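Encoded as structure tokens, the structure appears first; notes follow it.
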Amino acid sequence: MSSSICIESEALRVDRALAQKAIEILKKVSLYNSMLKAINKDRYVLIPVLSSNEAAVILLKYGIEAKPEKHCFPKGKSIKGLNIKNILEKYLSKDILKLIPRSFEIIGDIALIELNPEIAKQYGEIVAKAIMELHPHVKAVYARGSTHGVTRIRELIHLAGEKRTKTIHKEYGIRIVVDIAQAYFNPSLATEHYIVSQNVYNGMTILDAFTGVGPFALHIARKAQVYVIACDINSYALKLLRESIHLNKLRGLIEILNTDSIELLRSDTLPKDSFDMVILNLPHQALRMICHAIKILKSRGIVHVYTIARSSNEAIENLNKELTSCENVSITIADIRRVLDYAPRKYIYRISLVKL
Ligand SMILES: C[S@@+](CC[C@H](N)C(=O)[O-])C[C@H]1O[C@@H](n2cnc3c(N)ncnc32)[C@H](O)[C@@H]1O
């Protein structure tokens, strides 16, 4: 297998002296394969075409002899519209190709693709090269497993490129320092981080109880002169947040707290009626914290709680069950949004509640 990736195409072998004229004709009749570039081979030029027989007949009318063949071309100026499967079909059988997902995540200059460990071991390098071919700014590619443990960190297998897991990811102009091996980060939450930050105003006090590398806190502190307490149990995630704070122009103040937020909320040490906003982004457990969160909210304050359910109705039912155990709560549901797919027919929802 060659070390750099090429793309197989129908081609015409044309005498070098006539090649330029042949390319011009083929471009005019839209038979030139413009995704690829022609290559010199001894006295000939190999021209990538969309249909070699048809193209050869047309060139013959202009007195140019051309021999149809197939060739593997290096990529041209643009490979827009191709996906990794188009590139990989030259190297992998159809059965293996079925096991390679079309989509992958890019965090900063690192790509992450979901591959089972056996496929990663055997075909990971070629898959990674296809990704780097499509996205030249990607410098490292990893196979990712499922997230595990309280810190929600993923299992990783290095596939190709630099052996580096730390990068800077941009979200709506905010620079977020991420280390995919040390802290949770999901680039698909970018819009959610942005939406939540659009409802903050100067003077608000906000608790981001499960901040991770701090994307909600950073978006919010850019938007307004606020005071955000950003908590996480993962001290390394908070170290990265500290770096991000220095990289961005923020209007608000972020105070970092390395703590177990579940214990913090349950301990009732945070003052009652003192926060304008509480963010509970720990979907498996957050609903169980809802009574404590409401207690520390000011009147008209808002809590954004994330939960996993099959439908928005089920999410609301689960919330209502939890609310029955709260003392003297009066709330209204201001919004519910399906944020992410979680598993087949299961989704992560955000429910936003306002304290009355
Ligand atoms: C789903 S991630 C959310 C991260 C962040 N809000 C975001 O949008 O990227 C959950 C975070 O909660 C943290 N975590 C889990 N259990 C915790 C606990 N008991 N106390 C504080 N943080 C916790 C994990 O370390 C992880 O960073």
Looking at the stretch 243-250, is at least one residue within 14 Å of the ligand (Cβ to nearest atom), within 24 Å of the chain's Cα centre (by Cα) and over 14 Å from Ile296 (Cβ atoms)? yes
Can you tell me which residue within the stretch 204-223, out of those that are hydrophobic (A, V, I, L, M, F, W, C) and more than 20 Å from Gly108 (Cβ to Cβ), is farthest from the chain's Cα centre (by Cα)? Met204
Residue tally, condition over 18 Å from Ala237 (Cβ atoms) and either polar (S, T, N, Q) or without any contact (Cβ under 8 Å) to a residue 40 or more places away in the chain (or both), over the stretch 143-157: 3
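Identify all residues within the stretch 160-213 that are of a type outside the set (Gly, Ala, Ser), part of a helix (DSSP H, G or I) and either within 9 Å of the ligand (Cβ to nearest atom) or open to solvent by 10 Å² or more (accessible area, probe 1.4 Å) (or both); write none if there are none. Steps first, answer last, please.
Taking the stretch 160-213 first, the residues of a type outside the set (Gly, Ala, Ser) are 162-172, 174-180, 182, 184-187, 189, 191-196, 198-202, 204-208, 210-211, 213.
Filter again for part of a helix (DSSP H, G or I), leaving 187, 189, 191-196.
Selection gives Pro187, Leu189, Thr191, Glu192, His193, Tyr194, Ile195.
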Enumeration of residues in the stretch 247-275 that are touching a strand residue (DSSP E or B) at 6+ places or on another chain (Cβ under 9 Å) and part of a helix (DSSP H, G or I): Leu247, Ser261, Leu264, Leu265
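If we only count helices (runs of 4 or more DSSP H) wholly inside the stretch 44-105, which ones have 3 or more residues that are at pLDDT below 90?
So the answer is 52-61, 84-88.
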Selected residue (criterion: nearest to the ligand (Cβ to nearest atom)) from residues of the stretch 276-295 that are open to solvent by 10 Å² or more (accessible area, probe 1.4 Å) and among the hydrophobic types (A, V, I, L, M, F, W, C): Leu282
Taking the stretch 222-237 and keeping residues buried (at least 24 other Cβ atoms within 10 Å of the Cβ) and away from the ligand (no atom under 14 Å from the Cβ) leaves Val226
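Of everything in the stretch 311-343 that's of a type in the set (Lys, Arg) and part of a strand (DSSP E or B), which residue is farthest from the chain's Cα centre (by Cα)?
So the residue we want is Arg337.
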Got a number for residues in the stretch 13-30 being in contact with a Ser or Thr (Cβ under 8 Å, 6 or more places away or on another chain) and under 16 Å from His71 (Cα atoms)? 0
Scope the stretch 311-345; condition surrounded by 13 or more Cβ atoms within 10 Å (Cβ to Cβ) and among the charged types (D, E, K, R); matching residues: Glu314, Glu322, Asp335, Arg337, Arg338
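The values are calculated or read from the model by the stated rules, or taken from the named source; none is laboratory data. In this text, all values refer to a predicted model and were calculated from it rather than measured experimentally. Note: ideal-geometry Cβ built from the backbone for every residue, glycine included; neighbour counts use all protein chains shown. Just the protein is used for accessible areas: all its heavy atoms, side chains included, with ligands, DNA and RNA removed. Shrake-Rupley method; radii C 1.70, N 1.55, O 1.52, S 1.80 Å.
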